[in-house]
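The values are calculated or read from the model by the stated rules, or taken from the named source; none is laboratory data. These numbers were taken from a predicted model, which means no experiment stands behind them. Backbone-built Cβ (ideal geometry, glycine too); neighbour counts: all protein chains shown.
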Amino acid sequence: MIEAIGLSKRYGDTVAVDDLSFTVPPGQVTGFLGPNGSGKSTTMRMILGLDAPTTGSVTVGGRPYTGYRRPLFEVGALLEARAVHGGRSARDHLRCLALSNGIGRARVEQVLDQVGLRAVADRRVGGFSLGMGQRLGIAAALLGDPPVLMFDEPVNGLDPEGVLWIRTLLRALAAEGRTVFLSSHLMSEMALTADRLVVIGRGRLLAQTSVADFVGSGTGSFVRVRTSGRDALAALLTAQGASVVAEGPDTLKVTGVSGDAVGELARVNHLGLQELSTHQVSLEERYMELTAQTVDYRTADAALAAAPN
């Protein structure tokens, strides 16, 4: 698990991260979202001890990352795929990392196979394509077979086959009970890969929830339910904070709760349903809605579109 408590980072008068608290639990893929300049990279660097927080703390597995003697066994991370010596081969790069943490050479060969770089393992990294560099970075993250994995934009430069591969890999790692923390600007991929989301804007937490609940909370999302117990269900939903509008003698339009929650509430109260349908905005639409006022860099057209009428 990753846990940040009151995490802040200042660079002079600039506040990059502002009193940020969140958790990344094991067994799920947690997506990390935010506009450019929102503090995502700074936060990841603080998790790995590359930047010291101004205030607050962050732990991995209950300890600061810098407290581990052999950190590759605890956390695997890909923050910058090009942060390698271009004159080394892929195999030698991984062997150097392995040696620093007491990892055997056999494990190097395993991860080369796992990421599909066996055929080019002896080529110099400086000649690698962007996609090959990403695969090498992922191999380095997997080297110590760690319980916690962090990836910053891991699908950059990958072709469609590579994108599918990394998506499948991340979900498989989470299914094994590992903590997987993933940053990406590709909303379509995040919708297919992540179970949970941590969303920040201008260094502050905007949301920390499941993907389903995040999308379901959008203003364009609603649940339509038809039942002979319309009034009783409406009262129950209103009591739980949902917004309910009658659309006929037996139909309700509900916002603020998920379709599963509506169905469960009806079941435990013995209210039969004739229809239960969910109409949702996309993850991208919900994300744009939430972060509209925290974007620091936008085109003139986008600024006009975001301006209040």
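Observations on the structure shown:
- Residue in the range 74-85 that is over 30 Å from Leu33 (Cβ atoms) and at pLDDT 90 or above present: no
- Single residue of the range 246-283 satisfying the filter (of a type in the set (Ser, Thr, Tyr) and touching a residue at least 60 places away in the same chain (Cβ under 8 Å)) that is surrounded by the most Cβ atoms within 10 Å (Cβ to Cβ): Thr278
- Restricting the range 99-126 to residues that are charged (D, E, K, R) and part of a loop (DSSP other than H, G, I, E, B) leaves a set whose member that is surrounded by the most Cβ atoms within 10 Å (Cβ to Cβ) is Arg123.
- Residue among Ala175, Ala232 that is touching a residue at least 40 places away in the same chain (Cβ under 8 Å) and out of contact with any helix residue (DSSP H, G or I) (no Cβ under 6 Å at 6 or more places or on another chain): Ala175
- From the options Ser184, Ser188, Ser243, Ser228, residue that is among the small types (Gly, Ala, Ser), in the same structural domain as Met46 (by TED's automatic domain parsing) and surrounded by fewer than 17 Cβ atoms within 10 Å (Cβ to Cβ): Ser188
- Any hit, the range 147-157, residues being without any contact (Cβ under 8 Å) to a residue 60 or more places away in the chain, of a type outside the set (Asp, Glu) and surrounded by 18 or more Cβ atoms within 10 Å (Cβ to Cβ): yes
- Residues of the range 229-279 that turn out to be on the phi > 0 side of the Ramachandran plot and small (Gly, Ala, Ser), as a count: 3
- When Leu33, Leu7 are screened for being assigned by TED's automatic domain parsing to the domain that holds Arg202 and touching a His at 6+ places or on another chain (Cβ under 9 Å), only Leu33 passes.
Each row is one residue, and each column tells you yes or no for (1) within 17 Å of the chain's Cα centre (by Cα); (2) free of Cβ contacts under 8 Å to residues at least 40 places away in the same chain.
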| residue | (1), (2) |
| --- | --- |
| Asp13 | no, yes |
| Ala16 | no, no |
| Gly34 | yes, no |
| Gly37 | yes, no |
| Ser41 | yes, no |
| Gly49 | no, yes |
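- Selection within the range 46-77 - crowded, with 21+ Cβ neighbours inside 10 Å, under 24 Å from Leu169 (Cβ atoms) and of a type in the set (A, V, I, L, M, F, W, C): Ile47, Val60, Leu72, Val75, Ala77
- Evaluating Arg196 against the criteria (1) closer than 30 Å to Thr14 by Cβ; (2) in contact with a Phe, Trp or Tyr (Cβ under 8 Å, 6 or more places away or on another chain) leaves one unmet condition, (2).
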